[in-house]
1. Every residue in region 245-257 that is part of a helix (DSSP H, G or I) and either in contact (Cβ under 8 Å) with a residue 60 or more places away in the chain or touching a helix residue (DSSP H, G or I) at 6+ places or on another chain (Cβ under 6 Å) (or both), please.
2. Of the numbered conditions (1) surrounded by fewer than 20 Cβ atoms within 10 Å (Cβ to Cβ); (2) over 33 Å from the mean Cα position of the chain (by Cα), residue 117 fails exactly one; give the number of that condition.
3. Quick one: is residue 104 under 34 Å from the mean Cα position of the chain (by Cα), in a strand (DSSP E or B) and of a type in the set (A, V, I, L, M, F, W, C)?
4. Looking at (1) closer than 30 Å to residue 312 by Cβ; (2) part of a helix (DSSP H, G or I); (3) among the hydrophobic types (A, V, I, L, M, F, W, C); (4) touching a Lys or Arg at 6+ places or on another chain (Cβ under 9 Å), which is the only condition residue 718 fails?
5. All but one of (1) surrounded by fewer than 20 Cβ atoms within 10 Å (Cβ to Cβ); (2) within 30 Å of residue 68 (Cα to Cα) hold for residue 17; which doesn't?
6. Could you identify the single residue in 667, 680, 656 that is touching a Pro at 6+ places or on another chain (Cβ under 6 Å) and aliphatic (A, V, I, L, M)?
7. When you scan region 274-287, do you find a residue that is in contact with a helix residue (DSSP H, G or I) (Cβ under 7 Å, 6 or more places away or on another chain), among the hydrophobic types (A, V, I, L, M, F, W, C) and closer than 30 Å to residue 8 by Cβ, even just one?
Amino acid sequence: MPRSDRRVEDRRLLTGEGRFVANLAPALAPDAAVVWFVRATVAHARLLDVDVSVARAFPGVVAVLTADDLGLVATPPDMGLLDQNMTRAPLARDIVRFSGEAVVAIVAETLAAAIDAAEVVVIATEPLPVVATIDHALRDDALVHTAAGTNVAIRFARVEGADLGGADRAAAVVAVHTRTVNPRVAIAPIEGRSVLAQWDGATLTVHTSGQGPHPHRAAYAASLGLDVADVRVVCPDTGGAFGAKALPYPEELVVAHLARALDRPMLYVEMRTESMAALGHARAQQQHLTLTGTRDGTILATDLRVVQDCGAYPRLGAFMPNMSRLMHTGPYHIRSAAFEAMSVVTNTNPTVAYRGAGQPEAAAVMERTIDRFARSIGADPIAVRRRNLVPADAFPYTNPAGLVYDSGDYVAALDLLCQVADVDRLRATQATRRAHGARRQLGIGVACFIESCSTSNQPEHARVRIDSDGSVVVHSGTTPSGQGHATTWCRIVADVLGVPFDAIRCETGDSAWFSSGTVTGGSRSVQVGGEAVRSAAVAVRDDARVLAAEILEAHVDDVVFDRERCAFHVAGAPVRVASLAAAVAAHVDGCLDRIIRFDPTSGTVSFGAYLAVVEVDTETGAVRVDRFVAVDDAGTIVNPQLFEGQVHGGVAQGIAQAVYEEVVYDADGNLRTTNLADYAMPAATELPFIETYVIETPTPHNALGAKGVGESGPIGAVPAVHNAVIDALTHFGIDHIDLPLTPWRVWQALRDAQVTG
């Protein structure tokens with residue numbers, strides 16, 4: 001691959017030069033104190049007494065504070081649609097509602113001193129009834145928030161499906177009902193939450209491992225009663241986020257309060273056990289889908305019911321059913337789609353948006369049900385999918401929930417998948433193993449899916465400055481957490497201006513640069529942030545063209561830009577040129593500088609088709625994913641290497657959720673998966689080589705033609721693997737197993753099938 005297309009971020013990140021909060025803190029605030037939190041060890045209890053007297057006297061301790069000490073009060077959820085009686089204080093007051101909730105903040109000169117002091121804090125509690133599961137929450141016989149009078153945080157009104165008409169109703173002779181559990185998972189980024197807060201008497205400056213400085217700035221300002229102009233937030237390098245770091249958590253707000261109250265910089269760096277307990281969890285849905293169709297394989301209608309676990313305090317995770325509503329019909333032409341949902345609170349860690357944000361959950365139940373529908377009518381699951389895919393000549397297409405699909409060729413993606421995977425050969429191998437009663441049975445699973453990208457239509461800013469030496473600086477409102485934004489922005493700017501990669505420097509993540517901004521998430525960066533960068537580069541080039549016209553003594557309309565030579569010339573007279581650098585140098589300031597805000601008019605919809613090949617050990621229940629083939633669309637591909645990286649990473653997370661990952665609480669609300677020894681995450685040795693192929697259908701909604709691909713992997717991989725494992729076991733009479741497909745669950749299903757068979 002040409003050097004100019006390699007990731008420009010990697011050298012410094014791999015050689016220890018990353019600019020992470022913990023790395024920057026010693027230089028930015030050498031006198032910073034360390035913050036550590038004492039957390040609840042029970043899931044639900046009344047706080048009777050919090051004794052911090054001994055801890056305050058420990059060597060190296062600066063302060064030990066409770067919510068009362070800081071004057072922190074409980075506030076309702078940020079989003080008004082959620083039950084406003086389900087309040088939360090940044091440090092627990094009166095009641096703790098999940099194991100891991102912060103109760104006391106310890107400030108010390110060193111982390112060791114803070115942890116030592118935490119050991120002697122005594123918290124006396126009175127146990128309260130624990131609501132540990134969705135099923136218990138629905139009974140309302142024990143309440144997480146007594147003031148609310150219910151465990152329902154939000155109820156989504158039922159949406160009835162369209163009238164099918166008499167003929168279709170008469171033909172609808174097959175109805176398949178599927179109940180699935182999308183397990184609660186930990187997001188587990190490489191870097192946990194990290195925050196450095198500094199107060200100078202007038203301005204709060206926060207360095208944080210977040211997904212965008214402006215939403216964090218607004219949250220800090222609101223919590224501390226400051227004007228946003230008096231808060232600056234910087235998001236330096238962020239080691240993974242996936243939605244969990246979109247907004248600051250209560251602990252991070254406490255750190256800012258401490259910086260102001262004690263008039264000293266404060267540093268908090270989350271450890272892994274804290275992250276597993278208190279960084280937002282995700283998924284955690286129960287789903288019931290009824291699919292109605294005909295004997296020829298036509299899907300007529302769906303009816304989806306969702307119950308979302310949003311943990312002890314409702315946050316963005318409570319709204320994930322709405323994304324499932326928008327997305328559950330996937331790439332299929334289905335005339336009628338009914339829906340209803342609710343989100344309930346439990347005595348567990350609150351849930352947040354996570355890679356895909358409601359879309360993987362929707363695809364999981366839909367793709368599982370299509371397989372079951374196909375088998376109920378004796379049809380090939382691939383053929384049923386092909387029959388129902390939205391045709392290429394139907395775009396733009398509006399699905400039953402009102403979401404517009406901008407462009408696509410879904411049948412082409414499925415056909416390419418079947419061709420490169422050689423499905424017929426796989427089926428022949430499967431038949432041979434079944435005939436011989438092989439211990440390791442082969443399963444083939446397919447999933448077709450869509451990914452809705454940048455549905456919020458929020459704007460993005462970019463700034464491009466060219467100096468007289470020809471160097472370029474790009475400021476972007478986006479905040480990368482491993483995606484490779486700098487590489488992509490360099491590619492876009494180089495394509496517009498013709499300058500080499502080495503002459504471009506990209507900087508991101510400072511609220512001081514632009515008046516507003518949003519989080520990096522929802523696969524929006526290239527199509528919104530990248531389009532802003534492109535537009536800013538074009539604007540600067542156009543400004544340089546005016547200056548070049550003066551140098552060339554020509555009318556500006558007659559001057560053209562030669563990207564290969566990075567120079568302007570008069571149309572039809574390429575001999576005499578004015579270089580881009582010379583044109584910039586002619587400006588009175590010796591540079592050209594433009595800020596552009598790009599306002600998208602619509603989101604985009606990517607799509608794909610995935611195939612997983614698995615081996616299932618029928619004696620132990622162990623599942624091994626042997627092969628994975630991915631066909632993806634992301635509109636126009638700006639950088640193939642980054643595209644593949646996003647697919648590989650997303651598929652890895654999808655395989656992990658299907659086979660390995662599950663956050664487990666016991667009946668008393670105690671977290672059982674507290675670290676990476678208890679919580680199973682696959683390493684590279686447990687993952688197959690992921691074969692990636694591209695279908696390009698450019699979107700009309702931005703000049704780049706780009707869509708997103710960051711969330712496609714988990715949307716398609718979970719059901720592909722799930723279907724493959726069930727496919728390996730259908731001849732045993734096994735029709736469904738809940739996720740994750742652990743050896744115990746698979747073995748238990750095999751044993752039950754043998755007993756009942």
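The values are calculated or read from the model by the stated rules, or taken from the named source; none is laboratory data. Everything quoted here is computed from the prediction, not taken from an experiment. A quick note on method: Cβ atoms are made from the backbone with ideal geometry, for glycine too, and the neighbour counts reach across all protein chains shown. Heavy atoms of the whole protein, side chains included, go into the accessibility calculation; ligands, DNA and RNA do not. Shrake-Rupley method; radii C 1.70, N 1.55, O 1.52, S 1.80 Å.
1. 250, 251, 253, 254, 255, 256, 257 - these are the residues of region 245-257 that are part of a helix (DSSP H, G or I) and either in contact (Cβ under 8 Å) with a residue 60 or more places away in the chain or touching a helix residue (DSSP H, G or I) at 6+ places or on another chain (Cβ under 6 Å) (or both).
2. All conditions are met except number (1).
3. Judged against the criteria, residue 104 is a match.
4. Exception for residue 718: condition (4).
5. Here residue 17 clears every test but (2).
6. 656
7. Looking for residues that are in contact with a helix residue (DSSP H, G or I) (Cβ under 7 Å, 6 or more places away or on another chain), among the hydrophobic types (A, V, I, L, M, F, W, C) and closer than 30 Å to residue 8 by Cβ, one finds none in region 274-287, hence no.
Condition check ((1) small (Gly, Ala, Ser); (2) at pLDDT 95 or above) across all residues:
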| site | (1), (2) |
| --- | --- |
| 685 | no, no |
| 696 | no, yes |
| 700 | no, yes |
| 716 | yes, yes |
| 724 | yes, yes |
| 729 | no, yes |
| 739 | no, yes |
| 746 | no, yes |
| 749 | yes, yes |
